[in-house]
Amino acid sequence: MSDTPARALPCRVLVFALAALALSTANVHTAHAQPAFPSRPITLIVPWTAGGGTDIALRALATATSKHLNQTIVVENRPGAGGTLGAAALANARPDGYTLSQMPISVFRIPFMQKVAWDPANDFTWIAMISGYTFGVVVRADSPFKTFRDLITFARANPGKLTYATPGTGTSLHITMEDIANRENVQFTHVPFKGQADASTALLGGHVMAQADATGWAELVEAGKLRLLVTWGAERTKRWPNVPTLKEAGFDIVTNSPYGIAGPRGMDPKIVRILQDAMRRALDDPEYVKTITRFDQENFFLSSEEYAAYAKRTLAAERLFLDRLGLSLK
């Protein structure tokens, strides 16, 4: 009986070795079984209404990007909550690269204004910065406001009676208008909508007196139904060279709200790189360039790493800005 352990030991070693070999073989088969990314359609959430400028531009981006992924990108509209419903969806999505969302600047702002179930500092993987907007304020063609200063003068004489539409609370349109009101010591009444199309309908119907928005209103301006009072870029636009900027109107403000595409936190860096590179190539697609030119947008690409750094800086800046305006959550 004394020699039993000596004979049993090789058997145990053999069992362990066979088990390890089986596990290794299974892992190899599993690795080989995993399809290359992407192997099925990708969902891109557009947190605005269908048919608006952002929706049309992002659909063009999705089509152009699909060419470089050999896979379809399906656009899903989730309007509301100031453009943050895409961020909310990402916070609960699998980090496999098949659920993405546009990230407007309101994602960095609204968490300081109200309670949300996601954290912009930790809940997302920043894939690529894409573009920015041309913003402006429009009124109906028959409005008595001929200039942006006319609008301010009315607000000063009639506190709270100047109503203006935006695509949502916490958007750059809302915050910039409140910044202007604060600097001029006047009161506006903000009327938020889910998107540009609804806001323009309200303006045309006389339900609001002005609209602050991106250039989804361009065709209505060119058709003579709306009047453009001011644009918010650093320089006058090529499309409306006779319309002054906010700076020319006496406000040291430039607002263009760059935006990008993100996914859930914890994405595989290899998948992030595949998506980032495909989007970068898509920005040169002739049809995409044609589309964003229609809406007076320009390419503003940042890599995943650069976009993450931008997100960190913007989050800190928005906290200070909202504190100054008195709009932070108490």
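Rule-based calculations on the coordinates, nothing more; no lab input. Everything numeric here is computed off the predicted structure, so don't read it as measured data. Cβ sites come from the backbone with ideal geometry, for glycine too, and all protein chains shown count toward neighbours.
Overview of results
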| quantity | calculated |
| --- | --- |
| The stretch 171-220-the stretch 51-75 distance, computed between alpha-carbon centres (Å) | 27 |
| Choice from 258, 111, 159 showing the highest fluctuation, given a GNM over the chain with Cα pairs closer than 10 Å | 159 |
| The chain: radius of gyration over Cα atoms, expressed as a fraction of 2.2 N^0.38 Å | 1.29 |
| Contact order normalised by residue count of the stretch 109-234, Cα under 8 Å, 6+ apart, percent | 37 |
| The chain: angle of helix 269-282 to the longest principal axis, Cα-based, in degrees nearest 10 | 40 |
| Three-way shape label, the stretch 135-231, alpha-carbon gyration tensor, a/c 1.5 | oblate |
| Cleavage-rule hits, trypsin sites (Lys or Arg not before Pro), the stretch 130-182, DSSP coil, Cβ neighbours within 10 Å at most 14 | 146, 161 |
| Interchain or long-range residues, amide H under 5 Å from residue 189's placed H | 162, 163, 164 |
| Neighbour net charge for residue 141 - beta-carbon separation under 12 angstrom, K R +1, D E -1 | +2 |
| C-alpha long axis of helix 172-184 to longest principal axis of the chain, angle in ° | 40 |
| Exposure rule at most 15 other beta-carbon atoms within 10 Å, DSSP loop GluC sites (Glu not before Pro): the chain longest free segment | 1-234 |
| Antiparallel DSSP beta bridges within the chain, percent to nearest 5 | 55 |
